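Beneath this line is the structure, given in structure tokens, with notes to follow.
The values are calculated or read from the model by the stated rules, or taken from the named source; none is laboratory data. Bear in mind the structure is a predicted one, so any value in this text is a computation, not a measurement. When the accessible area is computed, the model is the full protein with side chains, heavy atoms only, and any ligands, DNA or RNA have been set aside. Shrake-Rupley method; radii C 1.70, N 1.55, O 1.52, S 1.80 Å.
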Amino acid sequence: EMTAKQFLIHLQKELTHWKPLLQRMAYSLHEEKCIITTMENAAIHTNNNNNTNTMMANVLSKEPAFRFLLQTLHDQEVVTEEAILSWAQDQTNLMQNDKDNWTSTPKGKLFTQQLTQDFLQWLEEDSESEDDASTDDSAD
């Protein structure tokens, strides 16, 4: 079974190859969020007819793999901070609409993993500090 670290190494290798195409395809926030949603779906869907899907889901659904995935997509500039935070807001809205049931779904469990939440919080704080810095710059 592949570990989160092995997955991350493999992902980084694959992104070296696929990054230019993904960046060209993701020309708006919507497409970037589609990349995140596709990876989210890969993490929660197992298909017994396809060992690759099952292996990916087994790895991505366990902490800290999904957090590493989001961070790697961000660090490699495949998706922007804005796209990740927008996707996270969509998930938060779903959770608020059906908190009792949503957090027990595979998607809810994935989103509420502590390390994923820690990364999202760090990204939000980083975004806010950049906004503050740009406001300070424009006031000068």
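Leaving out ligands and nucleic acids, note down the accessible area per residue over the range 4-127 with a 1.4 angstrom probe, in whole Å². Display every interim value, and only then the final one.
Numbers: 7210 Å² over 124 residues.
Normalised by residue count, the accessible surface of the range 4-127 is 58 Å².
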Quiz prompt | Karplus-derived HN-Hα couplings along the range 116-132 (A = 6.51, B = -1.76, C = 1.60, θ = phi - 60°), whole Hz, x at Gly and Pro | solution = 5, 4, 4, 5, 4, 5, 4, 5, 4, 5, 5, 5, 5, 5, 5, 4, 4
Self-check item: Helix-only [θ]222 nm of the chain, DSSP H runs n ≥ 4, -39500 (n - 2.57) each, per residue, nearest 500
Solution: -26000 deg cm²/dmol
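Return the carbon/sulfur percentage of the accessible area of the range 1-50, one whole number, probe 1.4 Å, all protein chains in place.
Here carbon and sulfur together make up 56 percent of the probe-accessible area.
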Quiz item: In whole angstrom, how far apart do the alpha carbon centroids of the range 51-86 and the range 1-45 sit?
Solution: 6 Å
